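S.K.: Attaching a single structure in C-alpha cells format; questions to follow.
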Amino acid sequence: MGVLTDYFRAADDAAVLAAIEDPESGSPVGGARPVFDGVEAKGVDPDVVLGQLIAVVRQVEWAVDLVGGTPVWPTTPPPGREGPADEDDPWATGPWVMRLDRAARDTLADLADAEVPAVSARWAAESEELGTTDGEDLRPLVEDLAGLARRAREADEDLYCWICL
C-alpha cells in the first residue's frame, strides 16, 4: 500500500475543510470532482520528500522541519479516546491535510524554469524515497509543483498537502 499525496492551493483553511467534509470527497485534485488546482504527487510526503526538494532548491542540508506545516484536517482529536482508534477515526485512517508554510511555497515559486533540470537531477540523486535516480523522470513533477506554487503566490493563497493511505 502506498501513500497518496496531492498538493493543491486554496484561499484558506475554511475552503479546504468544506471540501474535505463533503461526504463524497476524495482527493481534492483528482477523481471525478476535482475541487482545487493541484498536483498529484504520489509518495511525496511534505516532511521528507518535499523537504528534500526544498533543501535542494535552497542549497541547504535537509532537516525534518524544513517544510513547516499546520494540520488542517482532522481538526481536533476525539475527546477522551482510550485504547485503539475506531474504524471511523480520521486521526487513524485519514485523510490528513496540512497547510504548508509560505516559505516553502515561495521557495518553489522562485524556482526558475532554467534551474528545473539541475534541481530535478539533484533531487533524484539525494532522495532514495523517490525510487529513481533519473532527474528527467522528476522534471515534470518539479515543473508542476513550481507552477502550482507560483499560481498560489499570485493569488495570495496557501499550498496544502492531502495525504491518504
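S.K.: Filter the stretch 104-135 for residues that are within 20 Å of Gly68 (Cβ to Cβ) and among the hydroxyl-bearing types (Ser, Thr, Tyr); which is surrounded by the most Cβ atoms within 10 Å (Cβ to Cβ)?
M.R.: Ranking the qualifying residues of the stretch 104-135, first place goes to Ser127.
S.K.: Would you be able to tell me the number of residues in the stretch 130-146 that are over 11 Å from Gly38 (Cβ atoms) and part of a helix (DSSP H, G or I)? First the steps, then the outcome.
M.R.: Initially, the stretch 130-146 is screened for residues over 11 Å from Gly38 (Cβ atoms), giving 130-143, 146.
Now narrow it down to the ones that are part of a helix (DSSP H, G or I): 130, 135-143, 146.
Summing the residues that are over 11 Å from Gly38 (Cβ atoms) and part of a helix (DSSP H, G or I) in the stretch 130-146 gives 11.
S.K.: Continuing with this model, one more query. Kindly evaluate Leu159 against the criterion of being in a strand (DSSP E or B), under 21 Å from Trp96 (Cβ atoms) and touching a strand residue (DSSP E or B) at 6+ places or on another chain (Cβ under 9 Å).
M.R.: Numbers: in a strand (DSSP E or B): yes; under 21 Å from Trp96 (Cβ atoms): yes; touching a strand residue (DSSP E or B) at 6+ places or on another chain (Cβ under 9 Å): yes.
Yes.
S.K.: State which residue pairs qualify: first residue part of a loop (DSSP other than H, G, I, E, B) and modelled with pLDDT of 70 or more and inside the stretch 64-84, second residue exposed (fewer than 12 other Cβ atoms within 10 Å of the Cβ) and not basic (Lys, Arg) in any location, beta carbons under 9 Å apart, and separation of 6 or more residues or different chains.
M.R.: Leu66/Val60
S.K.: Could you grab me the full set of residues in the stretch 29-73 that are among the basic types (Lys, Arg) and crowded, with 17+ Cβ neighbours inside 10 Å?
M.R.: At the first step, the residues of the stretch 29-73 found to be among the basic types (Lys, Arg) are 33, 42, 58.
None; the set is empty.
The values are calculated or read from the model by the stated rules, or taken from the named source; none is laboratory data. A quick note: this is a predicted structure, and the numbers were derived from the prediction, not measured. Backbone-built Cβ (ideal geometry, glycine too); neighbour counts: all protein chains shown.
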